[in-house]
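Below is one structure, written out as structure tokens; comments come after it.
The values are calculated or read from the model by the stated rules, or taken from the named source; none is laboratory data. In this text, all values refer to a predicted model and were calculated from it rather than measured experimentally. No Cβ is skipped: glycine too gets one built from the backbone with ideal geometry, and neighbour counts run over all protein chains shown. These area figures cover heavy atoms from the full protein model, side chains too; ligands, DNA and RNA do not enter into them. Shrake-Rupley method; radii C 1.70, N 1.55, O 1.52, S 1.80 Å.
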Amino acid sequence: MKKHNFSAGPCILPQEVLKKAAEAVVNYNDINLSLIEISHRSKEFIAIMEEARSLVKELLNLPNGYSVLFLQGGASLEFLMTAYNLLKVNGKAAYLDTGTWSSKALKEAKLLGDIEVIASSKDKGYNYIPKNYEIPSAIDYLHCTSNNTIFGTQIKEFPKTDSLLVCDMSSDIFSRQLDFSQFDLVYAGAQKNMGPAGTTLVIVKDEILGKTNRKIPSMLDYQVHIQKDSMFNTPPVFAVYVSMLTLQWLKNLGGVAAIEKINKQKAELLYNEIDRNPLFEGFANKEDRSVMNVTFNLTNEEAHKETFDTLWNNAGINGLKGHRSVGGYRASIYNAMPIESVQVLVDVMKQLEKQA
Ligand SMILES: *Cc1c(COP(=O)(O)O)cnc(C)c1O
């Protein structure tokens, strides 16, 4: 039975990418060796790393002066690494607290300096994006999370600041066109919209590094990774390869502009049904709704939960349960999710209404 994978992460990848990845594990490019048993210094892998990095630059339309790295440790290590590289000794940084991931990011940064939470949506269970807050001027950087994977909110307009802007884009990178010149550092775990778990994409403006007077351990130092072309130590070869395949797939599809259109159609289809169907209600504030993670609830859980859960399970839908901290439902509709699968979910919601 065909499955419709709404999982939040790790999550859906394009079928053709999975097939190519599987082939490469057995016999990479007809060299009769597996991709994961050859040296990362081989010409084969060096070409993969180079192509992955250049596809990132091309697809995101990065201005000159930015480096692209594929690191390990997940977005969670970037919470610490960003502070290590940008927070001056006795320095100060500002954080927007828009959910679980933002809170975790600022918790790590607090180990290294003075962190001010300049706005938070915690008061309403993180169902909105704070606006009209003041940004202090004497800060080393401002950190924000573009898309709140767990709560289903997304920043539509990024804060304007004269200091550095750092953004965790783990769950919406490559999903919409953005002017990347407004960011100084962007990071994203691969497993939400780019590839398998195991690598983290970091995009950093070169000129901002090396200014903290802080001693940075080699593995946490962006400049070390840049100097070594993202191969300071053995890179996660498989994760980088599959990420490269996904980026090739995206390029062939027409790039970020093309996928942005499709993503909007998918989100509209689902949010329209949530708003129309009296048995459902959205979780996130309407104007802040995420195009990637759609969070919603049953208006009467007691009456309809069992039937709804049976219906979507029978339709081959997978991974629809909300995050354990929020409950309800979450449909993650990342780049690789076809609109046909969203339609299957909408049909199930309509069917519940008929049956109820
Ligand atoms: C999943 C996620 C993370 C954590 O990523 P790891 O790679 O598991 O460390 C951080 N930020 C956001 C926005 C996420 O969605």
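Please report how far the C-alpha centroid of the range 1-46 lies from that of the range 295-316, rounded to the nearest whole angstrom.
35 Å
Starting from the range 212-250, pick out the trypsin sites (Lys or Arg not before Pro) whose DSSP state is loop and whose Cβ has at most 13 other Cβ atoms within 10 Å.
On the way: sites: 214, 215, 228; in loops: 214, 215, 228.
Taking the range 212-250 and a limit of 13 other Cβ atoms within 10 Å, the loop trypsin sites (Lys or Arg not before Pro) found are 215, 228.
Amide H to amide H, which residues 5 or more places from residue 167 or on other chains are under 5 Å from it, using H placed in the peptide plane?
Amide H to amide H, under 5 Å and 5 or more residues apart or across chains, residue 167 pairs with 144, 185, 186, 187.
Please arrange 218, 341, 7 by accessible surface area, largest first, computed with a 1.4 Å probe and ligands excluded.
Details: 218 60, 341 5, 7 30 Å².
Order by accessible area, largest first: 218, 7, 341.
Under a 5 Å amide H to amide H cut-off, with H placed in plane at 1.01 Å, what residues pair with residue 321 once short-range neighbours are removed?
330
When Lys and Arg each count +1 and Asp and Glu each count -1, what net charge do the other residues less than 13 Å away from residue 278, Cβ to Cβ, add up to?
Working: positive: 276, 350, 354; negative: 273, 275, 281, 353.
Charge balance near residue 278 sits at -1.
Okay, helix-only estimate at 222 nm for the chain: each DSSP H run of n ≥ 4 adds -39500 (n - 2.57), divide by all residues, round to 500 deg cm²/dmol; what do you get? Intermediate results must be reported in sequence, preceding the final value.
On the way: 9 runs with 129 residues, N = 356.
So the helix-based figure for the chain works out to -11500 deg cm²/dmol.
Leaving ligands, DNA and RNA out of it, work out the accessible area of residue 330 with a 1.4 Å probe and give it in Å² to the nearest 10.
20 Å²
Would you kindly derive the ³J(HN,Hα) couplings of the range 248-253 from the backbone phi angles with the Karplus curve 6.51 cos²θ - 1.76 cosθ + 1.60 (θ = phi - 60°), listing them in order in whole Hz, with x for Gly and Pro?
4, 4, 5, 4, 5, 6
Lys/Arg Cβ at +1, Asp/Glu Cβ at -1, dipole of the range 15-253 taken about the Cα centre: which of 70, 111, 148 is farthest positive-ward?
After comparing all options, I get 111.
Would you grab the residues whose amide H sits under 5 Å from the one on residue 4? Only those 5+ places off in sequence or on another chain, please, with H modelled 1.01 Å from N.
Result for residue 4 returns 317, 318.
So what is the relative contact order of the range 54-184, in percent, for Cα pairs below 8 Å that sit 6 or more residues apart? Don't skip to the answer; put the middle values down first.
Values: 195 pairs, mean separation 32.4, N = 131.
Taking the mean separation of contacting Cα pairs over the length of the range 54-184, I get 25 percent.
Are there trypsin sites (Lys or Arg not before Pro) in the range 1-46 that DSSP puts in a loop and that have at most 16 other Cβ atoms within 10 Å, and which ones? It would help to have the intermediate numbers written out before the result.
On the way: sites: 2, 3, 19, 20, 41, 43; in loops: 2, 3, 41.
Here the trypsin sites (Lys or Arg not before Pro) that fit, given the DSSP loop and packing criteria, are 2, 3, 41.
So what are the ³J(HN,Hα) numbers for the range 153-165, from phi and the Karplus equation (6.51, -1.76, 1.60; θ = phi - 60°), rounded to whole Hz, Gly and Pro as x?
Couplings: 10, 8, 6, 9, 10, 7, x, 9, 8, 7, 8, 6, 10 Hz.
Provide the per-residue ³J(HN,Hα) series for the range 274-289, in order, calculated from phi with Karplus coefficients 6.51, -1.76, 1.60 and θ = phi - 60°, each as a whole number of Hz, with x at glycine and proline positions.
Calculated HN-Hα couplings, in order: 4, 6, 7, 7, x, 7, 10, 9, x, 8, 7, 3, 3, 6, 10, 4 Hz.
Please compute the net charge surrounding residue 349, taking Lys and Arg as +1 and Asp and Glu as -1 over other residues with Cβ under 13 Å from its Cβ. Each step should come with its number before you reach the end.
On the way: positive: 276, 350, 354; negative: 273, 275, 281, 309, 347, 353.
Residues close to residue 349 contribute a combined charge of -3.
So what does the Cα-only Debye profile of the chain read at q = 0.07, 0.09, 0.10, 0.13 Å⁻¹, as log10 I(q)/I(0), no solvent term?
-0.31, -0.51, -0.63, -1.03
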